[in-house]
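Data first, discussion second: the structure below is written as structure tokens.
The values are calculated or read from the model by the stated rules, or taken from the named source; none is laboratory data. Just so you know, these numbers come straight off a predicted model, no measurement behind them. Every residue, glycine among them, receives a Cβ derived from its backbone with ideal geometry; neighbour counts consider all protein chains shown.
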Amino acid sequence: MTPKLIGTVAIVTGASSGIGRATARALAEHGASVAVVARRRDRLDTLVAQIEAAGGTAHAAVADITDRTQAARAVAEIIERFGRLDILVNNAGLMLLGPVHGADVGDWERMIAINQNGLLYMTHAALPHLLEAAKDGPREVADIVNISSQAGREASANFGVYNMTKFGVNGFTEALRQEITQSHVRVGVLEPGAVDTELVSHNNQAIRDELASSDAIPEPLQPEDIAESIAFMVTRPRRASIAELWAMPTSQA
């Protein structure tokens, strides 16, 4: 069977670990040329080497996408390298938890910068190329997949600002979908529950201990589970658009 994404180019942000890394591999297996975006050059270079060793095509674009100039430069670099863009996966994210009272406002600013501003900057830079690909491309359709969270569906104590960023991602995704879907740029949001990634490790030890003690999820999702879901969304036939996908561990209530 011919891979469904042959002739396409995909960008995956936050590709240096976890869901982003697994997604880059999955899209490459489906035939896409994959541009991986993150700040850690060493990890990106390793990922590119792994994809190429498996017979795929990949390119590392080092950027801090919370900087609008760097985000735009990364997209321009990828267009120069591959000549087109068909898929954008806005995966980069940060989860810093704790009560609102007495919080470190710097943590709030960091989450807003990556979870919202980074997503906006990448989308703004990529959108003209995605619209063009939908008009003139091997599939005559293009895709944006924004990675949100169960925390974009329901609020919880100590998740306040993280909730705010992910509820915002959901709202932006739906508004953009209504604006451009009839141009055959499909826009979807994927909301994972608990996934075994580095996300929790960014918190202080007290938060990590609290999460561990209250953890009732013996078998969280793996990054590859989410990567498979993203691949499913972007490999649908042109007539079909997955606007929202909620992926949960079976053991998570």
Which ranges mark the strands (runs of 3 or more DSSP E) fully within segment 1-80 that have 2 or more residues being out of contact with any strand residue (DSSP E or B) (no Cβ under 9 Å at 6 or more places or on another chain) and aromatic (Phe, Trp, Tyr)? none
Taking segment 148-169 on its own, how many of its residues are assigned to a helix (DSSP H, G or I) and more than 16 Å from the chain's Cα centre (by Cα)? 4
Note down all Cβ pairs under 7 Å where the first residue falls in segment 138-167 and is free of Cβ contacts under 8 Å to residues at least 12 places away in the same chain and over 27 Å from Ala240 (Cβ atoms), the second is surrounded by fewer than 24 Cβ atoms within 10 Å (Cβ to Cβ) and among the aromatic types (Phe, Trp, Tyr), and they're at least six residues apart or on different chains. none
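So that you can scan it fast, the table gives a plain yes or no per residue for (1) surrounded by 20 or more Cβ atoms within 10 Å (Cβ to Cβ); (2) modelled with pLDDT of 95 or more; (3) not aliphatic (A, V, I, L, M):
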site: Glu174; (1), (2), (3): no, yes, yes
site: Ile180; (1), (2), (3): no, yes, no
site: Ser183; (1), (2), (3): no, yes, yes
site: Gly188; (1), (2), (3): yes, yes, yes
site: Glu210; (1), (2), (3): no, no, yes
site: Pro218; (1), (2), (3): no, no, yes
site: Glu224; (1), (2), (3): no, yes, yes
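Which of the residues that make up segment 132-155 are of a type outside the set (Val, Ile, Thr), in contact with a helix residue (DSSP H, G or I) (Cβ under 7 Å, 6 or more places away or on another chain) and more than 14 Å from Ala10 (Cα to Cα)?
At the first step, the residues of segment 132-155 found to be of a type outside the set (Val, Ile, Thr) are 132-140, 142-143, 146, 148-155.
Among the residues that remain, those that are also in contact with a helix residue (DSSP H, G or I) (Cβ under 7 Å, 6 or more places away or on another chain) are: 134, 140, 142-143, 146, 148-149, 151-152, 155.
Across segment 132-155, the qualifying residues are Glu140, Ser148, Ser149, Ala151, Gly152, Ala155.
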Please enumerate the residues belonging to segment 13-23 that are out of contact with any Asp or Glu (no Cβ under 6 Å at 6 or more places or on another chain) and either hydroxyl-bearing (Ser, Thr, Tyr) or within 19 Å of Gly83 (Cβ to Cβ) (or both). Thr13, Ser16, Thr23
